[in-house]
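The values are calculated or read from the model by the stated rules, or taken from the named source; none is laboratory data. Model, not experiment: these values are computed from the prediction. Positions of Cβ are generated from backbone atoms using ideal geometry, with glycine treated the same way; all protein chains shown enter the neighbour counts.
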């Protein structure tokens with residue numbers, strides 16, 4: 001799928017195979033395929049989703065959920081959404097997730113990830129994390145505030161009744177035997 005062949009979000013969404021793994025996104029008028037996740041990225045994504053879902057009935061954490069946030073169609077690594085917003089149909093989420101979590105891959109541009117995060121924040125996302133495994137840091141945006149960089153034993157903000165985690169606890173989720 002060539003970026004120059006796609007003129008609009010509607011045209012992008014009608015393309016076949018945009019849900020192939022890794023998923024395709026439509027950002028700033030460009031079609032981009034997400035990078036193939038590394039082992040640590042995949043473990044962290046799985047373990048963080050399992051942790052969040054085990055802590056709450058109000059929210060649901062979902063991996064690789066397509067969102068429609070015109071004129072973008074992002075696919076965050078993890079979308080946390082109130083259960084009320086999730087329908088019974090297998091459709092993209094209309095609007096941004098309430099809490100967006102991106103895990104930066106070594107070959108991903110931090111600026112491009114921040115652009116996606118800022119777009120979602122400007123359209124209703126309440127909380128965003130950008131996890132940098134290499135630097136052992138997590139950038140956090142809440143509402144209109146500038147990002148705060150968390151590290152080590154600092155407790156990260158969450159939504160609702162979900163208990164906070166430290167950066168070290170999140171980074172430990174890259175291990176196979178995390179529990």
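Cβ-Cβ under 9 Å, sequence separation 6+ or interchain: first residue in the range 143-165 and touching a residue at least 40 places away in the same chain (Cβ under 8 Å) and on the phi < 0 side of the Ramachandran plot, partner exposed (fewer than 13 other Cβ atoms within 10 Å of the Cβ) and part of a strand (DSSP E or B). Which pairs?
165/155
Filter the range 83-100 down to the residues that are part of a loop (DSSP other than H, G, I, E, B) and modelled with pLDDT of 95 or more, then identify the one that is farthest from residue 71 (Cα to Cα).
We begin by selecting, within the range 83-100, every residue part of a loop (DSSP other than H, G, I, E, B); these are 86-92, 95-98.
Checking the rest, the ones that are also modelled with pLDDT of 95 or more come to 95-98.
Working: 95: 11, 96: 12, 97: 15, 98: 18 Å.
If we take residues in the range 83-100 being part of a loop (DSSP other than H, G, I, E, B) and modelled with pLDDT of 95 or more, then 98 is farthest from residue 71 (Cα to Cα).
Filter the range 2-19 for residues that are surrounded by 10 or more Cβ atoms within 10 Å (Cβ to Cβ), at pLDDT below 85 and over 20 Å from residue 76 (Cα atoms) and give the result. Walk me through how you get there before you give the answer.
Step one: list which residues in the range 2-19 are surrounded by 10 or more Cβ atoms within 10 Å (Cβ to Cβ), which gives 3, 5-6, 8-15, 18-19.
Next, from what is left, pick out any that are at pLDDT below 85: 3, 5-6.
Once the filter is applied, which keeps residues that are surrounded by 10 or more Cβ atoms within 10 Å (Cβ to Cβ), at pLDDT below 85 and over 20 Å from residue 76 (Cα atoms), the range 2-19 yields 5, 6.
Just the residues that are at pLDDT 95 or above, assigned to a helix (DSSP H, G or I) and surrounded by 18 or more Cβ atoms within 10 Å (Cβ to Cβ), please, taken from the range 20-66.
Across the range 20-66, the qualifying residues are 44, 45, 47, 48, 49, 51, 52.
Against the condition surrounded by fewer than 12 Cβ atoms within 10 Å (Cβ to Cβ) and not in a loop (DSSP other than H, G, I, E, B), how does residue 79 come out, does it pass?
no
Are there any pairs, at least 6 apart or on different chains, whose C-beta atoms fall under 9 Å, with the first in the range 116-130 and in contact (Cβ under 8 Å) with a residue 60 or more places away in the chain and the second part of a helix (DSSP H, G or I), and if so, which?
Note: no pairs meet the criteria.
Are any residues in the range 25-46 under 15 Å from the mean Cα position of the chain (by Cα) and closer than 20 Å to residue 133 by Cβ, and if so, which ones?
34, 35, 36, 37, 41, 42, 43, 44, 45, 46, listed by residue number.
Can you tell me which residue within the range 137-159, out of those that are surrounded by 14 or more Cβ atoms within 10 Å (Cβ to Cβ) and in a loop (DSSP other than H, G, I, E, B), is farthest from the chain's Cα centre (by Cα)? Working first, answer last.
Here is the first cut: in the range 137-159, the residues surrounded by 14 or more Cβ atoms within 10 Å (Cβ to Cβ) are 137-142, 147, 150-151, 154, 156-159.
Checking the rest, the ones that are also in a loop (DSSP other than H, G, I, E, B) come to 147, 154, 156-159.
Values: 147: 16, 154: 21, 156: 16, 157: 15, 158: 14, 159: 15 Å.
Only one residue fits best here, namely 154.
Given the options 153, 144, name the one that is over 20 Å from residue 28 (Cβ atoms) and either at pLDDT 95 or above or in contact with a helix residue (DSSP H, G or I) (Cβ under 7 Å, 6 or more places away or on another chain) (or both).
On the way: 144 fails: either at pLDDT 95 or above or in contact with a helix residue (DSSP H, G or I) (Cβ under 7 Å, 6 or more places away or on another chain) (or both).
On inspection, the qualifying residue turns out to be 153.
Given (1) at pLDDT below 95; (2) touching a strand residue (DSSP E or B) at 6+ places or on another chain (Cβ under 9 Å); (3) buried (at least 16 other Cβ atoms within 10 Å of the Cβ), where does residue 127 come up short, assuming only one miss?
Of (1) at pLDDT below 95; (2) touching a strand residue (DSSP E or B) at 6+ places or on another chain (Cβ under 9 Å); (3) buried (at least 16 other Cβ atoms within 10 Å of the Cβ), only one is false for residue 127: (1).
Considering only residues that are in contact with a strand residue (DSSP E or B) (Cβ under 7 Å, 6 or more places away or on another chain) and either closer than 20 Å to residue 22 by Cα or free of Cβ contacts under 8 Å to residues at least 24 places away in the same chain (or both), which ones fall in the range 97-113?
Step one: of the range 97-113, the residues in contact with a strand residue (DSSP E or B) (Cβ under 7 Å, 6 or more places away or on another chain) are 97-104, 110, 113.
Within the range 97-113, 97, 100, 101, 102, 103, 104, 110, 113 meet the criteria.
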